[in-house]
Amino acid sequence: MPYGLDFPQGATGRFTNGRTFVDILAQLLGFPNYIPPYARVRGRALLRGANYASGAAGIRDETGNNLGDHMPMNQQVGNFGRSVEELRRLFRGDNSTLNAYLSKCILYSGLGSNDYLNNYFMTDYYSTHSQYTPQEYASALLQDYCQQLSELYKLGGRKVIVTAIGQIGCIPYQLARYDGNGSRCNEEINDAIQLFNSGLKRLVIHFNKVLPGAKFVFLDSFESSKDLVLNAKTYGM
């Protein structure tokens, strides 16, 4: 698929035509190039960052299986752990220096949308919708996500940006499947993900209170995408 098609070199595999949030953040921080994928980064190149993301990935391991092979969050955390061990060798086993280095790194984690789009609300492929109420499903996701983010902290991550799920009930993919009598959004989906987002915000606050040195930041992409929908003309849409 032509994802990343607007890049000069052609399609890159990104889930947008152009740059992602992380691409833009890297540019603003002065990186000369985009953060490369983990599969191509080894040795000293890790000091310039790595992208562990995987298309269709979710918090739950089975999420996105309908779209083929991918690396769920548990595997991404495992890959980060392998990177830390490789960095430990580069730092010649000096854990103090390594931990100081890792504490300055910025980690960006934006997950959850696939757990709804390609799991909970894909009832012809997954059974989670019949197993959980929206509140129960949000709680189950948050429990798993808490463990995953806690593991990132144990591995040395201290500065972590955690994003809410945007208004995925308003994206074209959902609207094409939704008979909403002219409604611009599927509010059943938006209401469900707000249960997750509210819990995620509380989780971030909790981490900052109980984890020494932690600087977790909650990025409310739901409200920003809501503004985009309500004020589309302002953004040239």
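Quick one: angle between helix 95-104 and the longest Cα principal axis of the chain, in degrees between 0 and 90, rounded to 10, please.
Relative to the chain, helix 95-104 is tipped by roughly 40 degrees.
Using a simple charge model, +1 on the beta-carbon of Lys and Arg, -1 on the beta-carbon of Asp and Glu, nothing else, what dipole does the range 42-84 show about its Cα centre, in debye to the nearest 20?
On the way: 5 positive and 3 negative charges, 78 e Å.
About 380 debye.
With a Cα-only, solvent-free Debye model of the range 155-237, what are the log10 I(q)/I(0) values at q = 0.21 Å⁻¹?
Computed log10 I(q)/I(0) values: -0.95.
Tell me, Kirkwood radius of the range 197-237 from alpha-carbon pair distances, in Å?
12.0 Å
Just how many % of Cα pairs in the range 1-87 lie over 17 Å apart, if you round to the nearest whole percent?
Numbers: 2102 of 3741 pairs.
Looking at the range 1-87, the distances longer than 17 Å represent 56 percent of pairs.
For the range 133-202, treating each Cα as an identical point scatterer without solvent, what Debye log10 I(q)/I(0) comes out at q = 0.12, 0.20, 0.24 1/Å?
Each listed q maps to, in turn, -0.42, -0.86, -1.03.
Could you give the dipole magnitude of the chain about its Cα centre, charging the beta-carbon of Lys and Arg +1 and that of Asp and Glu -1, in debye to the nearest 20?
Dipole of the chain, to the nearest 20 debye: 1280 debye.
Please give the helix 221-230 orientation as an angle from the longest Cα principal axis of the chain, in degrees from 0 to 90, rounded to the nearest 10.
Between helix and principal axis, roughly 40 degrees.
Amide H to amide H, which residues 5 or more places from L219 or on other chains are under 5 Å from it, using H placed in the peptide plane?
Answer set, sorted by chain and number: V162, T163, A164.
Listing R19, R92 from the residue with the fewest other Cβ atoms within 10 Å to the one with the most, what is the order?
So the ranking, lowest neighbour count to highest, is R92, R19.
What order do you get for K226, K209 when you list them from fewest to most C-beta neighbours inside 10 Å? The partial results should precede the final answer.
On the way: K226 16, K209 8.
Placing the least packed residue first, the sequence is K209, K226.
What base-10 log of the normalised intensity I(q)/I(0) is obtained for the range 21-235 from the Debye formula, alpha carbons as equal point scatterers, at q = 0.07, 0.08 Å⁻¹?
Taking Cα atoms of the range 21-235 as identical point scatterers yields -0.24, -0.31.
On a 24 Å Cα-Cα criterion, which of the cross-link pairs K201/K226; K201/K233; K104/K209 come out too long?
Working: K201/K226 17 Å; K201/K233 30 Å; K104/K209 19 Å.
Violating the 24 Å limit, Cα to Cα: K201/K233.
Throughout, read-outs are computed from the coordinates displayed, never taken from laboratory work. This is a predicted model, so every value here is computed, not measured. Don't worry about glycine lacking a Cβ; one is built from the backbone with ideal geometry, like all the others, and counts go over all protein chains shown.
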